[in-house]
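Beneath this line is the structure, given in structure tokens, with notes to follow.
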Amino acid sequence: MISRRAGSALGACLAFCAALGVCEALHAQSAADAELARGVSALRAGHNQDAVDALEAAYRLDPKPPILLDLGIAYTNLGQVHDALDALDAYVRYADKARDAQNIALVSAEITRLRAQSALIRLQPSPADAQLAIDGHALRARSGEIVVLAGSHRVDVTASGYAPYAQVVQLPPGKLTLEVALQKLGSRPSTLPPSAAAPAPSEPVQPKTRPTAAAEPPPSSPSTCLLGELCLGPTLDLGLPNVIGGGLQLRFGKYFGAGFDVQVLPSITLRAATARASLFTIDGRIYPFGGSFFLAGGFAFQAINGSVDNGQIAAQAHVGLPSFFAGIGFMGHDGLVLGVDLGVLVPLSGKTVSTTFTTDPAALQGVPPATVDRVKRDAEHGVKKILDLLPVFAQLNLVRIGYLF
């Protein structure tokens, strides 16, 4: 049994421990508020680097979305677009969608403006773990990409055991790839100018770049995909020989996609027969440059039908051609897309035409055999006429328009 005096001492101890926990929480909150006040004061005074240091510390102690907004402003003032977009994107994700709707709209517009005025660099260093610094500020790539304001910048690439690379380059707005191959220490000199052996040139030079898309405009906004990296949506197709159709297009990331399409040639009259055709394709796609250009391969089924009805008897002729499908074309990534493509079909079976009579067999007994044969030939003629018009099985989609979500 615990005595009254011991119980009182125990209660006091527990109360002290509880108060200690509250004090620690209050101390942490107080420290966060102090750093936040220091950061806001530095931001108002134009001391942006001091503001970044204080606001980063405040967010680590108390991660509140409004701190990210001030942090994004400070990074923008410093010209560090990569870090500014990190902070502003995080603010849009974590801010209260109802209470902060007006601020979110303004920040989203600022993100769009920054991206439109910036260069989106995909760095391809050798070795792969090389570190990049722009104007002396070390950056970490997001998904292999780095965003900086367009214009003249000093680029430094370093890696342990390699001679460093430095160059002043002129970075245009839009997407580009910067390839840098560092030279191992002690090996023969590299053709790329190492910064440790020689100072950076006084005049900006163009970087060794290659466009990521032959006809792709600079990015004005981030991807609008509803499913992250996966964009999909319907398209309407106009082409030849199957004139009209529609389908579903998918794009996963920058380099992969797929297409599902059904296209038809409306009924046309060929002598006594009515002929029509349809094409179904399903294909996988590779976008080798990460832009709009793609190569495709998959399966296709071309069906051609001819029908005749002379009032007495009716017949239908049909040929189905399962085929290997290979294609080439252009299709955008997300939002409103316009495309054009050409697909070639390699049939996997012969062009065997089958004919069936849709008239009641009993009714055929009173029809002269010559009439029956003529109706059959007319139906087959419609199919063969279309086959003759297609010496090479292909589908050219002159216009493909749609919207990928």
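The values are calculated or read from the model by the stated rules, or taken from the named source; none is laboratory data. Computed from a predicted structure; not experimentally measured. Quick reminder, even Gly has a Cβ in these numbers, built from the backbone with ideal geometry, and neighbours come from all protein chains shown.
Annotations
- A single member of Ala28, Ala58 is modelled with pLDDT of 85 or more and more than 30 Å from the chain's Cα centre (by Cα), and it is Ala58.
- Any hit, region 320-335, residues being farther than 30 Å from Cys231 by Cα and more than 40 Å from the chain's Cα centre (by Cα): no
- Tally of residues being surrounded by fewer than 19 Cβ atoms within 10 Å (Cβ to Cβ) and touching a helix residue (DSSP H, G or I) at 6+ places or on another chain (Cβ under 6 Å) across region 112-138: 1
- Among the residues of region 280-319, those that are over 36 Å from the mean Cα position of the chain (by Cα), in a strand (DSSP E or B) and of a type outside the set (Asp, Glu) comprise Ile304, Asn305, Gly306, Ser307, Val308, Ala314, Ala315, Gln316, Ala317, His318, Val319.
- Scanning region 88-96 turns up one or more residues that are assigned by TED's automatic domain parsing to the domain that holds Arg60, out of contact with any helix residue (DSSP H, G or I) (no Cβ under 6 Å at 6 or more places or on another chain) and surrounded by fewer than 14 Cβ atoms within 10 Å (Cβ to Cβ).
- Residue in region 67-77 that is surrounded by 22 or more Cβ atoms within 10 Å (Cβ to Cβ), at pLDDT 85 or above and over 29 Å from Arg154 (Cα atoms) present: yes
- Pairs are defined by a Cβ separation below 8 Å, a sequence spacing of at least 6 or placement on different chains, a first member in region 77-91 that is in contact (Cβ under 8 Å) with a residue 12 or more places away in the chain, and a second member that is assigned to a loop (DSSP other than H, G, I, E, B) and among the charged types (D, E, K, R); the pairs so defined are Gly79/Asp135.
- Boolean, Gly382 is outside any strand (DSSP E or B) and not basic (Lys, Arg): yes
- Answer from Ala272, Ala296, Ala258 - the residue that is more than 24 Å from Phe405 (Cα to Cα) and of a type in the set (A, V, I, L, M): Ala272
- Close pairs (9 angstrom Cβ cut-off, 6 or more residues apart or separate chains): of a type in the set (S, T, N, Q) in region 312-336, part of a loop (DSSP other than H, G, I, E, B) anywhere: Gln312/Thr359; Gln312/Gly366; Gln312/Val367; Gln316/Thr358; Ser323/Leu348; Ser323/Ser349; Ser323/Phe393
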